[in-house]
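Remarks on the structure that follows.
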Amino acid sequence: MHLGQFREALVAGIALGGLYGLLPISIVLSYRISRTIAFVHAGIAAIAALTYWLLAVNNPLLPKEVIVWSDGTSFGTRPQIDPILALLIVCFAGLLAGGAYGAFVMSRRVSSASPLTLTIVSLGTMMVLLGTSGVLAVQPEVTPPSPFGSGSVRIANVNLTASKVATVLVVIVVSLLLALWLQTTHAGLCVQALADDIEAGVWCGIRLQLIGTGVYAASGLLAAFAGVLIAVTAGPNPDDMVILFLRGLALAVVGGMRSLPLALASAVLLGITETCLVVGVFGDVPGPMEELIISTMLLGGVLLVARLRRDRVFLLERQAL
């Protein structure tokens, strides 16, 4: 073991945990309002990453086409705009996409379907969104420029990129604002009421479609922002988005699909553990073993929470399963 590296791994792991913590926020918000697993957010994150790449990459050595068909014909050219403007466009598109999906699934006719059916619809929507990546002229191995610049911040002898620092700050600010909104606003109290009992909330006059659309819209914006951050860190590979979404889903489950603080704390712990394994705090650990340890850790957390909070985990109705 190389415990001398633990302080550096701790700082870098907290930054990585911030990246892992964005998607669980979207998942928990959507679940509390609809009792479904919002796989659609993985699709939104993937499309956001690809779109940001197409908008922001400015490299004369790369093809400028947006779409390339199998017969060699192409469509459109990359605008190569400022990364900040590209981020705003992508996040706004995520807001609209999340809101449109929310308006559909929270409508009176569709929302009456079983949670399992709605989850399958969300999964199918994700697959459709991921399927569009095959025609886009995106090179996943090329990372786009960060909207937060190329600078770095040195903390405890660790150089953190501006994107990682911004990610941690965004997660902290979003979590605080979300907690304040849920506790002090009428809309937030309506969300909590619907999370406890949708049918009772509707009978009390809460406008389910309006509140649900707003929650899905906000979740879509966060998913799009997460997609951009993942793209500038590891590249816009849709397969990576699915893997990260599944990790985010596991973290949300560790939080009981209700507790954001617990999910975010688990994200930080996961980030620290992964960083320690990568930098060699526990010695030379092969790549496959790293993934096995992380997966086992997530599974253990899920089983532990399911054991301790049996009555509050997986609020899908039993008859729907």
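Just so you know, all these numbers are worked out from the coordinates, no wet-lab data involved. These numbers were taken from a predicted model, which means no experiment stands behind them. Cβ sites come from the backbone with ideal geometry, for glycine too, and all protein chains shown count toward neighbours.
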At 37 °C and 0.692 mPa s, the Stokes-Einstein diffusion coefficient in µm²/s for the chain, with hydrodynamic radius from the Kirkwood sum on alpha carbon pairs, is 160
Residue separation between Cys204 and Ile81 times 0.36 nm, minus their alpha-carbon distance, gives in nm 39.5 nm
Between the modelled labels at Trp69 and Leu308 (7 Å from Cα along Cα→Cβ) the distance in nm is 5.7
Taking 264-276, 78-90, 175-187 and ranking on average Cβ neighbours within 10 Å, highest first, one gets 264-276, 78-90, 175-187
If unit charges are put on Cβ atoms (+1 for Lys and Arg, -1 for Asp and Glu) and the dipole of the chain is taken about its Cα centre, the option from Gly124, Val232, Pro79 lying farthest towards the positive end turns out to be Gly124
Note on the chain: helices (DSSP H) long enough, at least 30 Å by alpha carbon along their axis, and hydrophobic enough, mean Kyte-Doolittle at least 1.0, are 6-34, 83-105, 162-184, 208-234, 287-308
Between the residues Ala137, Leu249, Ala48, the Cα farthest towards the positive end of the dipole of the chain, that dipole coming from +1 and -1 charges on the beta-carbon of Lys, Arg, Asp and Glu, is from Leu249
Output ordering of 128-134, 54-60 (per-residue mean of other Cβ within 10 Å, highest first) is 54-60, 128-134
Residue separation between Val278 and Asp239 times 0.36 nm, minus their alpha-carbon distance, gives in nm 12.0 nm
Taking 0.36 nm per residue of separation between Gln139 and Val285 and subtracting their Cα-Cα distance, the length gained on full extension comes to 49.6 nm
Taking r as the C-beta separation of Gln183 and Ile294 and R0 as 41 Å, the FRET efficiency to the nearest 0.05 is 0.75
For Arg7, placing the label point 7 angstrom along Cα-to-beta-carbon and taking the stretch 135-176, residues whose amide nitrogen sits under 14 Å are 155-159
